[in-house]
1. Let me check I've understood the local charge: for A:Y204, count other residues with C-beta under 15 angstrom from its C-beta, Lys and Arg +1, Asp and Glu -1. What total comes out?
2. In nm, give the distance between the simple-model label positions of B:N171 and B:N42, each being 7 Å from the Cα along the Cα-to-Cβ direction.
3. So how much slack lies between A:I113 and A:I24, counting 0.36 nm per residue of separation and subtracting their Cα-Cα distance, in nm?
4. In whole percent, what relative contact order does the range A:66-200 give with Cα contacts below 8 Å and a gap of six or more residues?
5. Out of every Cα pair in the protein assembly as shown, what percent are spaced more than 31 Å from each other?
6. Using the Cα gyration tensor of the range B:25-176, with a ≥ b ≥ c the square roots of its eigenvalues, what is the shape: rounded (a/c below 1.5), prolate (a/b larger than b/c) or oblate (neither)?
7. Please sort A:159-168, B:218-227 by packing, taking for each peptide the average over its residues of neighbouring beta carbons within 10 angstrom, highest first.
8. So what is the relative contact order for chain B, in percent, with contacts set as C-alpha pairs under 8 Å and at least six apart?
Amino acid sequence: MSCLRHSAIFFVVLVWQLMCSLKILPHIVVPSPIDVCLGLRDLVTLGLPPGYSLGGHLLASLRRVMLGFFVAAAIGIPLGLLMGWSRALHTTLRPIVEILRPIPPLAWIPMAIIWFGIGLKSAVFIIFLGAFFPMVLNTIAGVTLVSPVLVEASLTLGISRWGILTTVLAPGALPSIFTGVRVGLGIGWMTLVAAEFTGVESGYGLGYMIMTARDIQRPDLILAGTATIGLVGFAIDSMIVLVRGKVLRWL
Amino acid sequence: MLQLTDISHGFSANAKEESLEVVRNLSLTIERGEFLSIIGPNGCGKTTLLRIIAGLIRPSYGRVILAGKEIEAAGQGVGLVFQEFALMPWRTVWRNIELGLAKKKLGRSKREEIIKSYIVRFGLDGFEGCFPKGLSGGMKQKVAIARALVNEPEVLLMDEPFASLDAQSRNFLQEFLVRLWQGSGKTIIFVTHNVDEAIFMSRRIVLLGRRPAEVKLDIEIDLPYPRDRTCRRLNHTRRSILESLREETPAEYYTKLGYFSWTD
């Protein structure tokens, strides 16, 4: 299976390279994989702008994503559990959640800049908005999917209503919570890069780096930056899947 | 002693509609240490009645009184074992049984001692660390019974607990349950639609009529334990109960299916 997966990637890159080498794709529109790899090397060694290396950009972006994601998880997962647990809370809060949810996080950027200024807080706020809703909704869904018979069994054992939340609903919702975390983190990445397009205070950030590459008209560097985002996103998701397998051994 | 006095219960889809009456004016007195089976046609309200006794549903009318105290909520001395086992899939066998001790304040060593004794008595040694997904149906139900019993209920309610098991596990668990009951002196109320099962295990059988549930037949089975499934007297009792049950079965069963079989 893993052999197949790697060969699929290899095949796509090979076709891409061939089409560039045979001049089917014009060099200026689509840089070849080799060009992208060379660009990646330049980004690591020289940096863009010079002195600002890829590692620095990656760390800055990771920091923003993680902060926004953790704030979203810390609020979103408990909120989802409570909304799944209490019908009253669900009916009260659902309209608020559902009105805020369709607003693209990027539409908040102007307000975020007014409230938090250009910098870490704004970026964290935008990522928070992207990651928050998938986690809330998946957690609620997870709680409602827990079999009512498990709740009844716990009640007959004398477990309190609050105890039901912690001993039955929360662990029962865990598979869906993991789904929420994966989706939330993915959307967090997407919003981060877009948010960085509007500017960063430190000069570091993958999105900011890609915009710089655009300004100096270097498609190879643009693609090297996007490839980095894709690979790091994939690595993070793989890590979550690994943790999920360990935690949800019972599935 | 467990007393059900004049219990009626109905469900309504919405406030305006007349409610569907599931149990009507049902009174029953169950002695302490009794093994009572409740049988009745499908959809006659047996499960609703058990849920009322367990305190999971408050009846529209009437009261359930256990040892002089009215049952107003779940978890007041009445345990319930479900057909679906209702084990927490994320908890191991050990931790599922431990859930029955959740409301008790016990020291760690005392807690472990109690759980260990159940594990041994129920033949679950070696499976303590297994998750429910790895167990057979019979094993799962043993874990569920152990979990209900460590909670030390005065009454153990069982809602068709062996209905989804294969014939062999079912026979084995019936014998196991009889021995368990004889050893513990607990009151057991066992809901089933399997007449053989009821006659093999219980000392008293109550037959409910079709919905709304009312007591149609209330008989003592005065046979010694352990019982022989093939003995003449058992068979005689079986015939008379089956006949009564047939009378209570809605006519649609016959017209729709052409025939009706009581074996599962």
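1. 0
2. In this crude spin-label approximation the distance works out to 2.6 nm.
3. Using 0.36 nm per residue and subtracting the Cα-Cα distance, I get 27.6 nm.
4. With pairs under 8 Å counted, the relative contact order is 37 percent.
5. 61 percent
6. In terms of gyration-tensor shape, oblate.
7. My ranking of the peptides, most packed first, is A:159-168, B:218-227.
8. Relative contact order here is 25 percent.
We did not get these values from a lab; they are worked out from the coordinates using the rules stated. Here the structure is a predicted model, which is why all the values come from computation and not from measurement. Cβ: placed from backbone, ideal geometry, glycine included. Neighbour counts: every protein chain shown.
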